[in-house]
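Below is one structure; the comments refer to it alone.
The values are calculated or read from the model by the stated rules, or taken from the named source; none is laboratory data. Since this is a predicted model, take the numbers as computed values, not measurements. Using ideal geometry, Cβ is built from the backbone for each residue, glycine included, and neighbour counts are taken over all protein chains shown.
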Amino acid sequence: MAVITLLTDFGLADTYVGQMKGAILAIAPGARLVDLTHAVPPQDVTAGAFLLWSAVEAFAPRTVHLAVVDPGVGSTRRAIAIRSRRGDVFVGPDNGLLFPAVERLGGIDLAIELTEQSYWRPGPSTTFHGRDIFGPVAAHVANGVPLQSLGRPTADVHQLHLPQPRGLQGEVIHVDAFGNLITNLPAAGLPPHFQVLVNGRAVQAAQTYTAVEPGELLALVGSAGLLEISARDASAARLTGATRGAPVYVQPL
Amino acid sequence: MAVITLLTDFGLADTYVGQMKGAILAIAPGARLVDLTHAVPPQDVTAGAFLLWSAVEAFAPRTVHLAVVDPGVGSTRRAIAIRSRRGDVFVGPDNGLLFPAVERLGGIDLAIELTEQSYWRPGPSTTFHGRDIFGPVAAHVANGVPLQSLGRPTADVHQLHLPQPRGLQGEVIHVDAFGNLITNLPAAGLPPHFQVLVNGRAVQAAQTYTAVEPGELLALVGSAGLLEISARDASAARLTGATRGAPVYVQPL
Amino acid sequence: MAVITLLTDFGLADTYVGQMKGAILAIAPGARLVDLTHAVPPQDVTAGAFLLWSAVEAFAPRTVHLAVVDPGVGSTRRAIAIRSRRGDVFVGPDNGLLFPAVERLGGIDLAIELTEQSYWRPGPSTTFHGRDIFGPVAAHVANGVPLQSLGRPTADVHQLHLPQPRGLQGEVIHVDAFGNLITNLPAAGLPPHFQVLVNGRAVQAAQTYTAVEPGELLALVGSAGLLEISARDASAARLTGATRGAPVYVQPL
């Protein structure tokens, strides 16, 4: 019973996610469908790439990940399926969306440009490849169709790199719904004792939220293995005014 | 393993959808549950009818569709199950919500007024028939209970017709989360070359989003087979100010 | 095929819920996952406890309920699994979140403090026990692991009691997405004829929404068996200005 995860910028107010699931289940009735999120900001490929990156490691190897943030739908941008070295399969537009997640799971083992239309929904629209191409292809992969059957191998995958820190200078790469500021600074690079500067605020490092008083800021290693600036029972985004892209400086103490 | 889709105006902030799913799974533990949307504007039967219409064609025949937008719950409005000519089954209030979707799948093959209380949750509430009547009935249908067992056949189903265009004059029938303006003008009726007038703006026709510059409006046939007014990487609703019901004129060129 | 329900304050904009599901399915690939809600106000344990209470009765006995509203994550607050007398299992932080729902299903049959780390994700984070402890434990329970294997029995469960009415004086304990004001006044305690006072407004009792005109307030017994103040096709919260905690008085007529 294969698991197919879904990540899109479709939102939940329309039936687009439901239509995509219908197209999948019509082909792979036994597939397990798991929503990662459908609240990627519209057309924001980089935000989607981070969110996909954040999620995939929690799933068992051989999971199929279907992701659609696709401002180029209907144009000449290619459709791809990528198998990671860990054995997971990613399906979506070749615009960089899938790349960081594939890298996290060991890098590209095989990439296929999706050209074999017999695995698509007949008469695909020019605006909704999630339902008409990516969903059906993911379903066929879940059914055991070999990647090689779906098109031709390609060595030319669109690369997208999440912003990288320079030593102890990083940036906010995601603001979550709690208002936590997730930075791109990995735990491994942090000094034993430090404070963090963000938007002119000095924030102390701590191990857990309860190390500070309610409403106070702290910096800690979050569940993605990245430095996060948080506030106990409050929103660090609101307290600091920082948004995505804000510079973050780690100062050893 | 039957698929049951769910469409409601319950939102996701409460546990109403979860309660409905609990009631279904208590009866049909093997059913696959797929959310279409739960963000139908409260009590807006027409909006719900469009959204249900938009989704059902992507699912395999014999799917069970459970839909609840039900301002008349607890009153004398009837509860119904309808089998389409394609073989899908729809369960919900008899207020027109189901009608356009059934029509899309071939029209009514059999309609049953739900009167057989042994297929309901014992002691149903007067405010939540989704959990207490429609959900249990959908579960029994998924289990293979014949429609005829659920009540008495009726020829008198409440009809609701989505707004129809007059030739090349239509209207916006849905604004999606991207800000696309979905009209009621079907692709088949469009001239070979045309522009579109909406809210005093002339919008050029195109095949794909990338045919125009970012931020520009275009008119194209969307994934529902209907004319849509969109904007590349932007919201056509915001750019035009148009809302549901806004007149749309197609001008042949 | 065990059902695991999920209730959190994670929201749906991030991939936290998805990560938790990935961790569960990696251990229990056959488990059925049902979202109750992920829109509990951040860190609001009491609101989460009410929402969990509201949902569990609709599910079959032996369901596994996983709930995470966890301001004390990473601190010394304990992690627990509780079996209700009805046979359901609850997994989450020992902060009261689970308590009212367990009481609703017959009270505590067995409570276990989760200390056996072999049932956790290796190297659990200090910020995301939903993915790293509670999810894996719920998955093992769904797989049939006896509760006693997960840690040591405890008689010292954190108790949280939803606000109780004093006779005919109660309060609003939840405002739902329709704007219904759910009170803590149970149907059984209501006089045969009454009106309700809330925020200086007198509201008449009725059996169904359609007993009043559109836009008018009414008080009726809702689907949780509690008195609710509603408005036909409108929001009682907006019409009355009442919020959670607002006093509600029942006046016999």
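Residues in segment A:38-74 that are within 14 Å of the chain's Cα centre (by Cα), within 18 Å of residue C:135 (Cα to Cα) and not in a helix (DSSP H, G or I): A:57, A:58, A:59. Quick one: would you say residue A:151 is at pLDDT below 95, of a type outside the set (S, T, N, Q) and buried (at least 18 other Cβ atoms within 10 Å of the Cβ)? Spelling it out, it is not the case that residue A:151 is at pLDDT below 95, of a type outside the set (S, T, N, Q) and buried (at least 18 other Cβ atoms within 10 Å of the Cβ). The condition (being modelled with pLDDT of 95 or more, within 21 Å of the chain's Cα centre (by Cα) and not charged (D, E, K, R)) is satisfied by just one residue among C:164, C:169, C:195: C:164.
For segment B:112-132, filtered to residues that are more than 14 Å from chain C (Cβ to nearest Cβ) and acidic (Asp, Glu), the residue that is farthest from the chain's Cα centre (by Cα) is B:116. None of C:32, C:78 is charged (D, E, K, R) and under 30 Å from residue A:64 (Cα atoms) except C:32. Within segment A:167-187, residues that are in a strand (DSSP E or B) have Cβ atoms under 9 Å from residues that are of a type in the set (Asp, Glu) in these pairs: A:174/C:14; A:181/A:228; A:182/A:176; A:182/A:228; A:183/A:171; A:183/A:228; A:184/A:171; A:185/A:171, counting only partners at least 6 apart in sequence or on another chain.
Across segment B:133-145, not a single residue is classified as free of Cβ contacts under 8 Å to residues at least 40 places away in the same chain, within 14 Å of chain A (Cβ to nearest Cβ), among the hydrophobic types (A, V, I, L, M, F, W, C) and not in a loop (DSSP other than H, G, I, E, B). Here C:245, C:200, C:225 are screened, and the one residue that is out of contact with any Phe, Trp or Tyr (no Cβ under 9 Å at 6 or more places or on another chain) and free of Cβ contacts under 8 Å to residues at least 12 places away in the same chain is C:200. Based on this model, can you work out whether residue B:60 counts as over 23 Å from residue B:125 (Cβ atoms), surrounded by fewer than 24 Cβ atoms within 10 Å (Cβ to Cβ), at the interface with another protein chain (Cβ under 8 Å from one of its Cβ atoms) and at pLDDT 95 or above? Here the answer is yes, as residue B:60 does meet what is asked. Restricting attention to segment B:38-57, the residues that are away from chain A (no Cβ under 14 Å) and either free of Cβ contacts under 8 Å to residues at least 60 places away in the same chain or under 24 Å from residue B:87 (Cβ atoms) (or both) total 1.
Out of curiosity, is residue A:207 modelled with pLDDT under 95 and in contact with a Leu (Cβ under 7 Å, 6 or more places away or on another chain)? Answer is yes for this residue.
So which residues in segment B:194-212 are farther than 19 Å from residue B:223 by Cβ and among the polar types (S, T, N, Q)? If the condition is that a residue be farther than 19 Å from residue B:223 by Cβ and among the polar types (S, T, N, Q), then B:195, B:199, B:204 are the ones that fit.
Sub-7 Å Cβ pairs linking a first residue in segment A:66-92 that is modelled with pLDDT of 95 or more to a second residue that is of a type in the set (Lys, Arg), at least 6 apart or interchain, are A:87/A:62; A:88/A:62; A:89/A:83, ordered by first then second residue. Would it be correct to say that residue A:74 is more than 14 Å from chain B (Cβ to nearest Cβ) and of a type in the set (Gly, Ala, Ser)? Against the criterion (more than 14 Å from chain B (Cβ to nearest Cβ) and of a type in the set (Gly, Ala, Ser)), residue A:74 does not qualify.
Each residue in segment B:199-230 was checked for being more than 9 Å from chain A (Cβ to nearest Cβ) and under 24 Å from the mean Cα position of the chain (by Cα), and 4 pass.
Considering segment A:4-37, the residues that are assigned to a loop (DSSP other than H, G, I, E, B) and more than 17 Å from the chain's Cα centre (by Cα) include one that is farthest from the other protein chains (Cβ to nearest Cβ), namely A:28.
Within segment A:20-30, the set of residues being buried (at least 21 other Cβ atoms within 10 Å of the Cβ) and in contact with a strand residue (DSSP E or B) (Cβ under 8 Å, 6 or more places away or on another chain) comprises A:20, A:21, A:22, A:24, A:25, A:28.
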